Amino acid sequence: MSTEDQQAREAGQPARPGIGAGAGAVHGVVRGTAPAPLSILDLAPVGAGHTPAEALVATTELARSAEAWGYHRFWVAEHHGMPGVASSTPAVLLAHLGAHTSTLRLGSGGVMLPNHAPLAIAEQFGLLEALHPGRIDLGLGRAPGTDQATARALRRGLAEGADDFPQQLAELTHFLDGDFPAGHPYARLTAVPKGDGRPPLWLLGSSGFSARLAGQLGLPFAFAHHFSGNNTVPALDLYRSSFRPSEVLAEPYALIGVSAVAADGEAQARRLARSAGLGMLRLRLGKPGPIPTPEEAESYPYSAAEADFLDDWLSNVVLGSPGEVADGLEALRKRTGADELMVTSHIHGHEARRRSYGLIAQAYGLTAQVA
């Protein structure tokens, strides 16, 4: 048996039918005249001059708007030690968003499994499913979502890391399904609350590891095109070539995360996107902070290397007028063969961000009008 096959076997079997992880919960729903399902990845961004409390209010308002506009999913991501991100604990935020929406699918994009005991995640998402039945997705990543020092603090008492992800995934799956084999040390343990259903599992990634594992297990796969655009097509090809039909999926199902900014025109959209680009540059330099304002991004004294970084980062953002963004998204979908697109507008200014998502929804065909 190959190492890859062994990892797949150790990661356990996909969920059985009838426990909420079937294809109906996985596949996106096309709204309006859109050519494919469209979803949102949100980090509850904290911009310069704003507080985390204001960012969380804005994310709640955005989720309500996203539901009205016809977006299919609204995922939030686990990050730590980043002053520009307020979504450090997805389960807490998802419980809140569920109370303020009624039909929107909510999920983690993702929970960084190596940071947690699998039983804790099974309990958290079992509780979420009990609160908001049939609406929760559990997306899992194998990266820490932070720097090494913070990762060590988060994992105090946890021996495993990213290299043990398949084993952690197997344990989590057994806790969710309540089906540890007889004789297993955890066979008598139960993740509570546990109802008739449970959230579908997604694997997230920006390289080939999770793509191959998701394919071998017959699970849906979400690829982070927004920060690893050069690897998108190879990773999706690997996912599809590795895919084995399962009780969850008969065929591969892949979505990609895409940075997208819509405004009245290309110049304004690029101005907004540059604020996110400067924030990413500072993160890469080990100086994370709130998302800079567009004015700060315009006046920042970029070195030649920094200017090259920003240009390269912006080249992976779909930006422009609403029509230009819709055309760009559709071209990307066709080029990659993605089944679903998940857009993220990590820009400064709550109103500018909300308007960007609204314009994209309208131009892509989700809704006829946007408030």
Exercise for the section: Please give the contour-minus-distance gain from residue 230 to residue 184: 0.36 nm per residue of separation, less the Cα-Cα distance, rounded to one decimal in nm. Expected result: 12.3 nm
Practice task
Relative to the longest principal axis of the C-alpha atoms of the chain, give the angle of the C-alpha long axis of helix 118-131, reported between 0 and 90° and rounded to the nearest 10°.
Solution key: 70 degrees
Practice task
Enter the angle in degrees (range 0 to 90, nearest 10) between the Cα long axis of helix 322-336 and the first principal axis of the Cα atoms of the chain, meaning the one along which they spread out most.
Solution key: 40 degrees
Completion exercise
Expressed in Å to one decimal, the Kirkwood Rh of the chain from all distinct alpha-carbon pairs is 20.8 Å
Exercise for the section: Grab every C-alpha pair in segment 239-371, bin the distances at 10 angstrom width from 0 up to the longest one, and report whole percents. Expected result: 12, 37, 28, 17, 5, 0
Handout entry: HN-Hα J in Hz across segment 290-298 - Karplus 6.51, -1.76, 1.60, θ = phi - 60°, x for Gly and Pro
Key = x, 5, x, 6, x, 5, 5, 5, 6
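Which value results when the Cα radius of gyration for segment 234-316 is divided by 2.2 N^0.38 Å? List each step's numbers first, then the result.
On the way: Rg = 18.1 Å, N = 83, 2.2 N^0.38 = 11.8 Å.
In units of the 2.2 N^0.38 Å rule of thumb, it is 1.54.
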Practice task
State the Kirkwood hydrodynamic radius of segment 16-111 in Å, one decimal place, computed from all pairs of distinct Cα atoms.
Solution key: 14.2 Å
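Throughout, read-outs are computed from the coordinates displayed, never taken from laboratory work. Quick caveat, the model's predicted, so the values are computed rather than measured.
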